[in-house]
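Here's the structure, in structure tokens; my notes come after.
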Amino acid sequence: MTAWLATAPAVLALAVLWFGPGLAVGALLGLRGVRLLGVAPALSLTIVAGGAVLAPYLHLRFTPLTVVAMTALAALGAGLVGRLLARGTGRQTAPAAPSATGGWSGTGMVLAVAALTALAIGWPAVTGIGSPGELVDSPDAVFHLNRLRLYLDSGNASSLLVGYPSGFHDLAAVVHQVTGTPLDVLVNLTALSAAVLVWPVSLLCLAWAAFRGNRAAIVGTGVAAAIAVVFPSVLLGWGVLWPNLLGQAALPGVLTLSVLVVRERADARRTGVRAYVTPETVALTAGLPGLGLAHPNAVVALILFALAGGVTVFGARLVTGPDRGRAAALLVTSLVLPPLAAFALARISPQLATAAAYTWAPDEPVTSALVRFVSGAEQNRPAWTLALLMALGAAALWRRRLSQWLVTAYLACLALYLLAATTTGPVTALLTGFWYSDRVRIAALAVVPGTLLAGAGFAVVVRALRTWGPPLVGRPWWSAILVVAAAVATVTSGLTAGTRFDRVHDYYYPDDATHTILTATDRTDLLALVAPLPLDVMVVGDPSNGSGLLYALTGRPVLLASIGATRDPAAVLVGEHLAEVPVRADVCAALVSLRAGYAVDTTYSYWGRHVPSTVGLVGLAGRPGFTAVASAGKYTLYRITACPGLQSLAGAGAATGQ
């Protein structure tokens, strides 16, 4: 634990980045209480990641000063907009009552439950990771770490740099520049901050809005979040999907404002321009870029849940409303427009087309996929207690017109999950491509409406206990909640803490040794092996043997910055044909241009596999054109002697005693 305590400055910096800019801007817009707290992370992401996008156009490096300047500009704009809104509508609307904003009691309730939920999620995750600098053994970890190093070296942290959302890397880059925290530690802390700091607060703000401040339902939602393992714990290691984790953690806070805007319009609490141009709608709109720069599928999920609500409302009007023709038209539009929009986006966006084209072999029939989804058993053990609470909540909420969207949203996630788990083809790719047609990501998304359904079910049990139980649990108000929470914790073996620990621990310490990218011992050996070489000299190696992390860990350039295919022609040429360098002048020319005078090789590779673009990087022992100069552990360092243009680099290495 001492090592974790040493990360306190970085954790504090992350907390400030997550909430500071958003709280300032939201407050100046006129938001208060839970409304402000929930949307703050998304607003902060807009400021931080948006600043990273704007900086290159202003010929600026992305630094903490960039974030300070963006926060100041956003606060100035928010103050002006907030004054205009207050001036234009103040005579029409009375000041919001504390109950409408959550007040100190509502905000305190949300924060208290969020703190307990964070402890239930965070403690098993921290102990499962073990050391703050432990590497998660998932292939995308190499990509994310190297990308973070690239941003720091170049000063350009824009999502447009490589066409991939960079909110995660932008937060980490700022914290590194402020605290100097090592990158391997920092990526773990950034992911944990989303899972432990943002997700509980964001979700419980949504619970407050969805359940009109019902204390039992808020506590129940926190309990459900503590039970659910597929999010956020699985996304701490699966993939690894840190950007996806980031976007989904902030999503419920934006949903909070959506729910309140719709409800207050339905309640006729606001009329005229106040119904459409409010601090809530402005903040909601401002938070959307932040979600998108964390991960675009967070915005898609927001649209999905909004459409689920629309389908519910229009379907009800079709059955009972006076204007059935209009309701039918709106219902058809809600069902048809999203697939058409997805089809158009896939044709416009190369990134989305690539994601939609990614297919997973379906491996189970519909019935078993259905059971797996409902029981929460995706990458996890079944959680039938949670499923029972969700069923009770769904039955209760379906009788409330403005709460039915939660049931429909959960069913929409179920439909997407069944498509991804059981089928392939153009329809599946079209509808699930935003999540790479990956059922794990979709199961994680379902945790948003699922925990709220379970929270409603928890409230049903509490109400029944207070009505029919012994007088002791009727008063005070918290006694029945405490009894039900204790019962659920007992039935779920301490809110599935052991399961959560196992899941996270398995990602960081896999049982199969071939599923480890780089052990602590291997890291020490590899870094010692290349340390005598000048830092600007590239050491060529197969990234699946751990050498791909040299750039992230030391700043030394590498040929391939991720485990997978590359589009760089020079990297493809060297990766496929390095072993043929004595007879390939084009390979020599590429090596000279890259300043790659050395290669590192080993018989080990992650999962025992090599992608086609690395077949020329392995089996170098005894080949002409390569001279072994040093070994450490399982690694051997070779000087590439076949290219005359590399002799100056070889001399630099020889001068160190190698």
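Laid out as a table, the results:
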read-out	value
Charge dipole (debye, nearest 20) of the range 351-446; +1 at Cβ of Lys and Arg, -1 at Cβ of Asp and Glu	420
Point-to-point label distance, A464-A361, nm (Cα→Cβ direction, 7 Å offset)	4.4
Space enclosed by the convex hull of the alpha-carbon atoms of the range 539-598, per residue, Å³	77
Antiparallel DSSP beta bridges within the chain, as percent of all bridges there, nearest 5	75
Estimated Rh, the range 1-64: Kirkwood, alpha-carbon pairs, angstrom	13.2
Dmax and Rg, reported as Rg then Dmax, of the range 499-583 (C-alpha, Å)	15.4, 55
Per principal axis, descending, Cα span of the range 437-516 in whole Å	59, 27, 15
Cα-based equivalent ellipsoid of the range 447-573: semi-axis lengths in Å, sorted from largest, via gyration tensor	56, 16, 12
Only Lys, Arg (+1) and Asp, Glu (-1) charged, at Cβ; the range 398-484 dipole about Cα centre in debye	420
Mean separation of Cα contacts under 8 Å (6+ apart) over length of the range 452-598, as relative contact order %	14
Interatomic Cα distance distribution for the range 192-273, bins of 5 angstrom, percent	3, 15, 21, 21, 16, 11, 7, 4, 2, 1
Peptides 50-58, 223-231 ordered by average Cβ neighbours within 10 Å, highest first	223-231, 50-58
Furthest towards positive pole of dipole, V583, I517, Y358, structure part the chain, Cβ charges	Y358
Extension gain (nm, one decimal) between R61 and L12, 0.36 nm per residue minus Cα-Cα	15.3 nm
Most to least packed among 545-557, 143-155 [average Cβ atoms within 10 Å]	545-557, 143-155
Largest-first ellipsoid semi-axes for the range 130-245, taking √(5λ) over the Cα gyration tensor eigenvalues, angstrom	30, 16, 13
Part-to-part distance (alpha-carbon centres) for the range 372-424 and the range 592-632, which is given in Å	49
Reference-scaled alpha-carbon Rg (2.2 N^0.38 Å with N residues) for the chain	1.03
Rounded if a/c under 1.5, otherwise prolate or oblate - the range 387-536, Cα gyration tensor axes	oblate
Nearest-20 debye value, the chain charge dipole, Cβ charges on Lys, Arg, Asp, Glu	2860
Orphan Cys of the chain, criterion: no other Cys C-beta under 4.7 Å	C205, C413
Between the range 555-588 and the range 28-81, the Cα center-to-center distance that results, in Å	41
Pair D586, W477: separation of 7 Å Cα→Cβ label points (nm)	7.4
Surface share of carbon and sulfur [accessible, 1.4 angstrom probe, percent] for the chain	68
By average C-beta atoms within 10 angstrom, highest first, the peptides 454-462, 397-405	454-462, 397-405
1.4 Å probe accessible area per residue over the chain, in Å²	40
The chain - mean residue ellipticity at 222 nm from DSSP helices (-39,500 (n - 2.57) per run, n ≥ 4, rounded to 500)	-20500 deg cm²/dmol
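The values are calculated or read from the model by the stated rules, or taken from the named source; none is laboratory data. Because the structure is a prediction, the values reported are computed rather than measured. Don't worry about glycine lacking a Cβ; one is built from the backbone with ideal geometry, like all the others, and counts go over all protein chains shown. With ligands, DNA and RNA removed, areas are computed over all heavy atoms of the protein, side chains included. Shrake-Rupley method; radii C 1.70, N 1.55, O 1.52, S 1.80 Å.
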